[in-house]
There are 4 protein chains.
Amino acid sequence: MIRFCDDYSEGCHEEILKLLQKTSRTQSDTYGLDSYTKHSEDRIRELIKSDSAVHFLIGGTQANLILISSVLRPYQAVLSADTGHIAVHETGAIEGTGHKVISIPSCNGKIRPDQVLEAFHKHYSDPTAEHMPQPAMLYISHPTEVGTLYSLEELKALYQLCHEFHAVLYVDGARLGCALTSPYTDITLEDLGRYTDAFTIGGTKMGAMFGEAMVINQPSLNHDFRYMIKHHGGLLAKGRLLGIQFEALLNNNLYFELGKHANNMAFQLAKGIQSAGYSFRYPVQSNQIFPIFPAPLLESMRDQFVWSSDTPMEDGMICIRLCTSWATPQENVDLFLSNVKKQKD
Amino acid sequence: MIRFCDDYSEGCHEEILKLLQKTSRTQSDTYGLDSYTKHSEDRIRELIKSDSAVHFLIGGTQANLILISSVLRPYQAVLSADTGHIAVHETGAIEGTGHKVISIPSCNGKIRPDQVLEAFHKHYSDPTAEHMPQPAMLYISHPTEVGTLYSLEELKALYQLCHEFHAVLYVDGARLGCALTSPYTDITLEDLGRYTDAFTIGGTKMGAMFGEAMVINQPSLNHDFRYMIKHHGGLLAKGRLLGIQFEALLNNNLYFELGKHANNMAFQLAKGIQSAGYSFRYPVQSNQIFPIFPAPLLESMRDQFVWSSDTPMEDGMICIRLCTSWATPQENVDLFLSNVKKQKD
Amino acid sequence: MIRFCDDYSEGCHEEILKLLQKTSRTQSDTYGLDSYTKHSEDRIRELIKSDSAVHFLIGGTQANLILISSVLRPYQAVLSADTGHIAVHETGAIEGTGHKVISIPSCNGKIRPDQVLEAFHKHYSDPTAEHMPQPAMLYISHPTEVGTLYSLEELKALYQLCHEFHAVLYVDGARLGCALTSPYTDITLEDLGRYTDAFTIGGTKMGAMFGEAMVINQPSLNHDFRYMIKHHGGLLAKGRLLGIQFEALLNNNLYFELGKHANNMAFQLAKGIQSAGYSFRYPVQSNQIFPIFPAPLLESMRDQFVWSSDTPMEDGMICIRLCTSWATPQENVDLFLSNVKKQKD
Amino acid sequence: MIRFCDDYSEGCHEEILKLLQKTSRTQSDTYGLDSYTKHSEDRIRELIKSDSAVHFLIGGTQANLILISSVLRPYQAVLSADTGHIAVHETGAIEGTGHKVISIPSCNGKIRPDQVLEAFHKHYSDPTAEHMPQPAMLYISHPTEVGTLYSLEELKALYQLCHEFHAVLYVDGARLGCALTSPYTDITLEDLGRYTDAFTIGGTKMGAMFGEAMVINQPSLNHDFRYMIKHHGGLLAKGRLLGIQFEALLNNNLYFELGKHANNMAFQLAKGIQSAGYSFRYPVQSNQIFPIFPAPLLESMRDQFVWSSDTPMEDGMICIRLCTSWATPQENVDLFLSNVKKQKD
């Protein structure tokens, strides 16, 4: 079976294993206080051109719940697109830390500044505001859950709005490598250092075994952050593993090469699918694409390929999600497309 | 610097890296539903000779907080030795899930059945019991935080007591490999499957990169446990990493060999220290030992060795903690002992 | 200023003060273990004709958060109409106990059985259900937040559905006296004892100083419930105050008389408003009504009356909420209507 | 039966009922925004001679959990005497909000500044401090759980220490009226406004039906505090009930008269008991006293009196707790003493 259902079906990139092997018997400090980790922290600051704080966390849900529960006071809530990972796919992890996730209807996985403005207005103009959770944070993902991307203008507008209402802008960059190498956005890593309060540079879905770099641009949000990590069971004893993985990823542009590869595989798929006459539910902008196929075509391919999110559309068509990755081989893409075309003929 | 301050200063055992490398480009199911993980789950059940449920978690604090918060209702508390990891070294992670850790004064890191009986009695005989957190779980570690071990008789007594009071017995086995291969306890892996409700088989401190196997013997406690893991951000996307690591550790008795090695290194240290005329704060039973040295001796060694937990004792003596591991080389032990003896002479 | 903005602007009914005065210097047991409270518990069981458990709590938000957090396991969620009190007006109190409130779009403040079925289906048919909070409870209010009422047939259908999916049905009866005396529903108190797992009989909005009776029909949900109350700071030291208030309310049908009065005042308002040619946003069924007026009419009355929830509608009309209560005097209703009619002329 | 087991066995003082009756049919704003409440807030500020913020809460456990969880960040803990109410008698309410209560061994219910200093030192001097909950608050009660009182010098020392370590000093004044009128302390109400960050003026145990005034001296701690109250279900719909009760209590010095009465009743008991030859476990300083009696004497009185906390002492003696109140009649004291003396003879 060929998996196009996620970007974490493989182990990790070889450069990571190589560096792990090379360093394995060397003793180091623990819990992320080692020199490998410090090196990777510095490297990230260098790339962002800022003196932001950097922490390495194990996974995305954990990163989200630690950051969000660190920022918010007990009665505060976080705004999210209704398709956002924290709103849908974290088994109530954010609520588990005591905070409401206020869902905003999304368009192509994104939320517009005017929607955010309305949410703030609705709260602060209500004379009984105290009876409602206070929106004090905006969570967006870039790329979004449906592979779309924000523009720099949008990012700046959201950032400015948040600050106007004393709220924090946090960007979940689980697939940031794909965003940063996509032609469909002008947001750079430096921009994320400048126009967000915190963001993550995802490793898990970008070729690492696991790991997300949490970058905290606003110094006050970094206060005692390591206590927060430990409090939630997220301080890895052998923290070096995170530092080493990011060292390997950030060497020789590897992180960006992997992102570019995942995008290219997706763009090839999209081009082939389109030229076979099929359309897409969402704009194709990174490594997740959502083609709409006739049910019989999908049936014919189900014994060879795995994808996700079958969603019935009009006229018996079905939208699916195809996800490519740093590890997707060219032949898998070719095979998928030849199947699509064969059926078409 | 030679580190005797913990058992997680190195990367991981070579067999693990080898298996990770071998499998790295193979696609698999995710979130622990892959065949590597299933294989390791089966292997553990085989070793315990039971049909217990097995889940692989990333770290010890996370394992503790997920299990404890899954078992307890909101008003319930967990009993622990005052030296227990959950009582001291988890930054309030258990309280973070809403539950009080009730500390019981420990003797050599252990708590006696009569102390546990008293705690239950104290609660249930109080007419205002509803005004106090209800003790519904007992947490012990084996080996304890000071390296000591429970006997099978003690384990059985605690298990029976817990069940008498409708409480759950949970054993933290972060260093279980050292316990199971120590001559100072008669508790076997099968006993843990029989006389506990849940226990962990620690990987992080036993040669893995990270990972704890959570074994749940009582079926009712396993209900929806994967939801609990995800709720706390502990479901590793590439769950196979845990399955693969435990596969390597459980192959050819490796896990037990590594435990035995760590113990032997500690026992050699202890023997040399004793023959040099020094005594110990706690019985020497596994890979953590607590010798008491004169301050000047320690000063003379501080530029070459790292240890932890300097505790002033009577007469200017200082108790320290030395921790050996699966990776401790013989020469480090020899060097430490030669230093001790040199100073003595 | 005449207040039509809520049903808790006054102190409490005279019968309550009389009974408080009569008993004030008598000593009693505390924390709700007194004989007044036991008497009121029995009285409620008598009225419901069941042996349900009864607990008296101080307020509605507290009642909701204690019951819901007692029923749900950490990863579970409660379904609610998007207009439900727990979804909108409790400052994230339910999320504060760790649980997501899953909003269902409401029609006239109610949710239909098919919507609930869909929510359960959506969850349990998803292969990645573990990544989403598990819906394990349905919260409805009767009357709803917009004054509407469920029918017995609807209640039975929701109850059956919940049990099919191992979920709990909980009815918030903050204004239950108005529901039970309204001609627009056939649900009786006995029905609530039979077709819900738990429900409240509201006092605060029905003439008490404060207090909600929590009736728990399913015995397993009552286990250790008093611990839960204390854990959330809800066990009133002088618990007798709750027992005494409900004793007064349940004497001589007072509770029902007060509900009937509140309804009648609202129905008179509605009739007069309708005959003046204005319509309503929601069906008029209990003591909260939502007439739609021209803005100038409202402006002319704003210096004499207080109402709430001004909502702009089409054509410059504004919908407001008028709330009557056990204490609304006839002359206030007459005065309001004469103002409406005067403007009309 | 005559109850000496608590100070909340009666209803409330007549002045309160009178004022409730007088105001009962008057309409007012809700949720504590009414003029009665504002008046009482002002009155308290006047008495403290400060511009502190004042909020009225329903009960003591609720007041503690709301204040503490408002002040602390998720990884922070509160220090308390091991006999403190939050450490023993709140069913884990503080832990329920996510925070560890760090117990400090008490002497006569009090903790000394040197103990607090040690606790702070222990944390901040530990190189692995991040692995432990951070002590960021000190909770004391005045009077303590055993009726003893702090001196102004002690209060000042604790306050200074807390501020040195960026921690908050919070004083639980559930029985503050007894403290302020006892000859055994020089702490005044003004001192509490000056040398604490927050404190409560208890009503429930001082003659009110219920209610605690939370006084917040440090402005930053008051930020959005009403959101916190609502978030925990503590915002009383008819908030005026609290304002009115405190108005009655603070009129004509009533609050202080009631405290003085409770103390006097206890002091009379103590004097009589002492003159009968019995001693006390703790210094007699307010309305809770702890005489030590022979078991047979207690047996002979058990059918007439109720007390609490029977604690076996040496030589078959038993220590009990006697609690007087604002409502204790002189004849109850006389009767108790005559019984004690009769037995003695």
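The values are calculated or read from the model by the stated rules, or taken from the named source; none is laboratory data. The model shown is predicted, which means the values in this text are computed figures rather than measured ones. Positions of Cβ are generated from backbone atoms using ideal geometry, with glycine treated the same way; all protein chains shown enter the neighbour counts. Please note that ligands, DNA and RNA were not included when accessible areas were found on the heavy atoms of the full protein model with its side chains. Shrake-Rupley method; radii C 1.70, N 1.55, O 1.52, S 1.80 Å.
General remarks:
- Selection count, the stretch B:1-17, where residues are more than 8 Å from every other protein chain (Cβ to nearest Cβ) and open to solvent by less than 60 Å² (accessible area, probe 1.4 Å): 5
- Residue within the stretch A:326-345 that is at pLDDT below 95 and part of a loop (DSSP other than H, G, I, E, B) present: yes
- Filter result (surrounded by 24 or more Cβ atoms within 10 Å (Cβ to Cβ), within 14 Å of the chain's Cα centre (by Cα) and more than 14 Å from chain D (Cβ to nearest Cβ)) within the stretch C:61-104: C:Ser80, C:Ala81, C:Gly84
- Condition check for D:Thr200: in contact (Cβ under 8 Å) with a residue 24 or more places away in the chain and either open to solvent by less than 10 Å² (accessible area, probe 1.4 Å) or farther than 23 Å from D:Ala262 by Cβ (or both): yes
- Restricted to helices (runs of 4 or more DSSP H) entirely inside the stretch C:23-141, those with at least 3 residues that are in contact with a Leu (Cβ under 9 Å, 6 or more places away or on another chain) are C:35-48, C:60-71, C:93-96, C:113-124.
- Given (1) within 14 Å of chain A (Cβ to nearest Cβ); (2) touching a residue at least 40 places away in the same chain (Cβ under 8 Å), index of the condition B:Lys38 fails: (1)
- Put simply, of A:Glu190, A:Glu154, A:Glu212 the only residue that is within 14 Å of another protein chain (Cβ to nearest Cβ), in contact (Cβ under 8 Å) with a residue 24 or more places away in the chain and either within 21 Å of B:Gln62 (Cβ to Cβ) or among the charged types (D, E, K, R) (or both) is A:Glu212.
- For the residues C:Phe199, C:Phe246, C:Phe256, the requirement of being under 16 Å from C:Gly59 (Cα atoms), more than 10 Å from chain D (Cβ to nearest Cβ) and in a helix (DSSP H, G or I) singles out C:Phe246.
- Residue that is surrounded by the most Cβ atoms within 10 Å (Cβ to Cβ) [pool: residues in the stretch B:124-167 that are over 30 Å from D:His85 (Cα atoms) and among the acidic types (Asp, Glu)]: B:Glu145
- Residue check, A:Glu145 among the acidic types (Asp, Glu), closer than 18 Å to C:Val78 by Cα and assigned to a loop (DSSP other than H, G, I, E, B): no
- Considering the stretch A:229-243, and only residues there that are more than 7 Å from chain B (Cβ to nearest Cβ) and either over 26 Å from A:Gly96 (Cα atoms) or in a helix (DSSP H, G or I) (or both), the residue that is nearest to the chain's Cα centre (by Cα) turns out to be A:Leu242.
- D:Ala213 open to solvent by less than 30 Å² (accessible area, probe 1.4 Å), farther than 16 Å from D:Gln288 by Cβ and more than 13 Å from the chain's Cα centre (by Cα): no
- Total residues in the stretch A:1-29, condition of a type in the set (Val, Ile, Thr) and out of contact with any helix residue (DSSP H, G or I) (no Cβ under 8 Å at 6 or more places or on another chain): 1
- Looking only at residues of the stretch D:283-323 that are in a loop (DSSP other than H, G, I, E, B) and in contact with a strand residue (DSSP E or B) (Cβ under 8 Å, 6 or more places away or on another chain), we find that the one that is surrounded by the most Cβ atoms within 10 Å (Cβ to Cβ) is D:Asn287.
- Filter result for A:Asn264 (under 29 Å from A:Gly11 (Cβ atoms) and buried (at least 24 other Cβ atoms within 10 Å of the Cβ)): no
- Selection from the stretch C:215-228 of residues that are in a loop (DSSP other than H, G, I, E, B) and within 13 Å of chain D (Cβ to nearest Cβ): C:Asp224
- Condition broken by B:Ser50, with the remaining ones in (1) open to solvent by 20 Å² or more (accessible area, probe 1.4 Å); (2) hydroxyl-bearing (Ser, Thr, Tyr); (3) under 30 Å from A:Ile2 (Cβ atoms) satisfied: (3)
- Of the residues making up the stretch D:18-45, those that are farther than 20 Å from D:Met214 by Cβ, open to solvent by less than 40 Å² (accessible area, probe 1.4 Å) and touching a Gly at 6+ places or on another chain (Cβ under 8 Å) are D:Leu20, D:Thr23, D:Ser24.
Per-residue answers, yes or no, for (1) aliphatic (A, V, I, L, M); (2) modelled with pLDDT of 95 or more; (3) more than 21 Å from A:Glu130 (Cα to Cα):
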{"site": "C:Ser70", "(1), (2), (3)": "no, yes, yes"}
{"site": "C:His89", "(1), (2), (3)": "no, yes, no"}
{"site": "C:Ile94", "(1), (2), (3)": "yes, yes, no"}
{"site": "C:Ile111", "(1), (2), (3)": "yes, yes, yes"}
{"site": "C:Asp114", "(1), (2), (3)": "no, yes, yes"}
{"site": "C:Lys122", "(1), (2), (3)": "no, yes, yes"}
{"site": "C:Met137", "(1), (2), (3)": "yes, yes, yes"}
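- Number of residues in the stretch B:223-256 that are more than 23 Å from B:Asp34 (Cβ to Cβ) and free of Cβ contacts under 8 Å to residues at least 60 places away in the same chain equals 1.
- Only residues that are over 24 Å from A:Asn108 (Cα atoms) and of a type in the set (Phe, Trp, Tyr) were counted across the stretch A:175-223, and they come to 1.
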